[in-house]
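Some notes on the structure that comes next.
The values are calculated or read from the model by the stated rules, or taken from the named source; none is laboratory data. From a predicted model like this one, the values you see are computed outputs, not experimental measurements. Cβ placement follows ideal geometry from the backbone for every residue including glycine, while neighbour counts extend to all protein chains displayed. Quick note on the areas: whole protein, heavy atoms, side chains included, nothing else; ligands and nucleic acids left out. Shrake-Rupley method; radii C 1.70, N 1.55, O 1.52, S 1.80 Å.
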Amino acid sequence: MSRIGKMPVPVPEGVKCELAGTRLKVAGPLGVLERDLSDQITIVISNDEIVVTRSDDNTKVRALHGLTRALVQNMVTGVSKGFEKTLMVTGVGYRASIQGKNLNLALGYSHPISIDPPDGITFVLDGNQTIKVSGVSKELVGQVSADIRSLRPPEPYKGKGIRYSDEHVVRKVSKSAGK
């Protein structure tokens with residue numbers, strides 16, 4: 001049996017879970033998340049926990065078991081605590097600013113880049129070098145952060161670009177001046 005899949009998901013106080021067929025709806029103080037789940041996985045909602053079980057030991061169903069439990073856990077955590085990723089902008093002249101809801105970036109291109117946040121995502125700046133992307137959906141926070149990072153990934157010689165706060169950029173030695 002899956003080590004992850006067999007663990008029950010604790011439901012904190014203030015979070016309500018509803019199951020209609022295969023559609024799970026989780027509502028909490030930070031928002032509401034909905035997801036269609038596989039019909040081969042059974043979900044039982046009790047007072048303070050959600051238990052995920054599988055119908056048989058088929059390979060695909062076994063893989064879905066742990067995945068479904070992890071998705072349910074992320075939904076419950078998202079509506080109760082939320083998720084956040086921190087990005088660092090490094091480089092001379094590279095800056096970030098917020099205008100309304102939009103994130104404006106100056107990344108050494110001939111034009112500034114403006115990013116309109118999708119529903120459920122907020123941008124917060126610490127200074128003009130640190131961007132915090134937060135929201136209730138772990139998938140959406142990660143995807144928006146990856147999209148921002150892909151605009152100017154960190155380069156290995158000077159370390160300029162956008163990187164995650166916990167990312168280590170392996171620096172290369174530049175070419176020596178003649179031998």
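From the list 131, 98, 148, pick out the single residue that is out of contact with any Phe, Trp or Tyr (no Cβ under 7 Å at 6 or more places or on another chain) and among the aliphatic types (A, V, I, L, M).
Unique residue meeting the criteria: 148.
Just one of 137, 150 is closer than 30 Å to residue 33 by Cα, at pLDDT 95 or above, in contact with a helix residue (DSSP H, G or I) (Cβ under 9 Å, 6 or more places away or on another chain) and of a type in the set (Gly, Ala, Ser); which is it?
Residue meeting the stated conditions: 137.
Whether any residue in the stretch 62-74 is in contact with a helix residue (DSSP H, G or I) (Cβ under 8 Å, 6 or more places away or on another chain) and either assigned to a strand (DSSP E or B) or at pLDDT below 95 (or both) is what I want to check.
No - not one qualifying residue is present in the stretch 62-74.
Return the residues of the stretch 21-60 that are farther than 19 Å from residue 135 by Cβ, among the acidic types (Asp, Glu) and part of a strand (DSSP E or B); say none if nothing qualifies.
Answer for the stretch 21-60, where residues must be farther than 19 Å from residue 135 by Cβ, among the acidic types (Asp, Glu) and part of a strand (DSSP E or B): 36, 49.
Examine the stretch 76-99 for a residue that is polar (S, T, N, Q) and in contact with a Gly (Cβ under 9 Å, 6 or more places away or on another chain), and state whether such a residue exists.
Yes, the stretch 76-99 contains at least one residue that is polar (S, T, N, Q) and in contact with a Gly (Cβ under 9 Å, 6 or more places away or on another chain).
Name every residue in the stretch 133-148 that is open to solvent by 60 Å² or more (accessible area, probe 1.4 Å) and either touching a residue at least 60 places away in the same chain (Cβ under 8 Å) or of a type in the set (D, E, K, R) (or both), in order of residue number.
138, 139, 147
Taking only the stretch 1-20 into account, find how many residues are in a loop (DSSP other than H, G, I, E, B), open to solvent by 70 Å² or more (accessible area, probe 1.4 Å) and not basic (Lys, Arg).
4
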